[in-house]
Amino acid sequence: MEDPSDPSNASQGEGTLEVKTTQLGTRLDSWLNEQLADLTRGNIRRWIDEGHILVNGQKVKPSHKPKAGERITITPPAIRPMDLIPEVMPLAILFEDKHLMVVNKPPGLVVHPAAGHATGTLVHGILHHCKGQLSGIGDVARPGIVHRLDQDTSGCMVIAKTDAAHQGLTMQFARRSVTKVYTAVVCGNLLPDQNRIQAPIARHPTQRKLMSVVDGGRLAVTDYKVREYFGTLATWVEVRLHTGRTHQIRVHFKYLGFPLFGDASYGKRSSSRLTETSGFTPPRQLLHAWKLGFDHPATGKALLFEAPIPEDFQEAVTRLSNAPQCSPKNVQG
């Protein structure tokens, strides 16, 4: 059976997905959960039951098996208000119009409320900035968080300000037509200097807060190329994501044996050894969402944004470059 998350299996329409390949043995709610990363499977099942998701214009059950040629129409339900108090917060805005905004998220900022982070999140700041111009997700009103970055990952994020923009952007992410380029520093001498990592990711079998490469996990594809070697101790890489699994870059480089420098969850031992050798302790995992490209959901214009490398990342690169043991070698020129 073909992987239902393969981008060749679905194509985008205005609020629709067209099934390209019959999904033998795959339920509609499971298939949509692969395509629409920002909706939980529970929300998807409820939307199907309530008629917000139709197949060829007809209501079906969540257990329906998608067939080639079927058109799946998604009409989000009315937005329920979210009980959050807007907060004044400085936002590094790279672009904004009436449909969407692109921000440069600083490291350390949590994207949305969660356990231990009831206030002070990016969502709180966007609620204040947008002054009621919010898109919905999962039928709860909050700024249109179309995709997420980990707390300690910095860089480009697109925020939908209208439901139409949210829907259009979500479809592009589902179709994997969005350009996502990151930059990172990993522990060790990464070879070869460019490669593709294709390894399925799922919840770690015993450490439930972590992800891992697991047989039978969801398709995950990452390309990288080396920007600079710091001797044999560390490597500065450019990373291009073709899928958007949770912690994908961190998990894939750990899988290769080259975890991100400063990653306390996936690379603590390697980071400690590199700190001992280089004399530098990074303030966080050295991962930055450098470039983000997509088609404007209202105008169709191709857009590409770049978030400058943040100071803490630049300091890490400088400190590694100046460490006597590192002897940097520039690969890209």
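The values are calculated or read from the model by the stated rules, or taken from the named source; none is laboratory data. All values reported here derive from a predicted model rather than from experimental measurement. Reconstructed Cβ throughout: ideal geometry from the backbone, glycine too, with neighbour counts over all protein chains shown.
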Return the only residue of I159, I197, I201 being touching a helix residue (DSSP H, G or I) at 6+ places or on another chain (Cβ under 7 Å), without any contact (Cβ under 8 Å) to a residue 60 or more places away in the chain and outside the structural domain of P308 (by TED's automatic domain parsing).
I159
Could you please tell me which pairs satisfy a Cβ distance under 6 Å, a separation of 6+ or placement on different chains, a first residue in the stretch 280-306 that is within 12 Å of S177 (Cβ to Cβ), and a second residue that is of a type in the set (S, T, Y)?
G293/T179
Looking at this structure, is G244 of a type in the set (G, A, S), in contact with a Lys or Arg (Cβ under 9 Å, 6 or more places away or on another chain) and closer than 22 Å to E34 by Cα?
yes
Within the stretch 204-225, residues touching a residue at least 12 places away in the same chain (Cβ under 8 Å) and over 21 Å from the mean Cα position of the chain (by Cα) come out as D215
When you scan the stretch 19-50, how many residues do you find that are modelled with pLDDT of 85 or more and loosely packed, with under 15 Cβ neighbours inside 10 Å?
2
Taking T275 as the residue in question, decide whether it is closer than 20 Å to P205 by Cβ and not assigned by TED's automatic domain parsing to the domain that holds G168.
no
Filtering the stretch 93-106 down to residues that are assigned to a loop (DSSP other than H, G, I, E, B) and of a type outside the set (D, E), which residue is surrounded by the fewest Cβ atoms within 10 Å (Cβ to Cβ)?
K98
So in the stretch 107-123, with the set limited to residues that are surrounded by fewer than 17 Cβ atoms within 10 Å (Cβ to Cβ) and modelled with pLDDT of 90 or more, which one is nearest to I145 (Cα to Cα)?
G120
So for the stretch 245-257 (the condition being among the hydrophobic types (A, V, I, L, M, F, W, C), assigned by TED's automatic domain parsing to the domain that holds D215, over 18 Å from V213 (Cα atoms) and modelled with pLDDT of 95 or more), does at least one residue qualify?
no
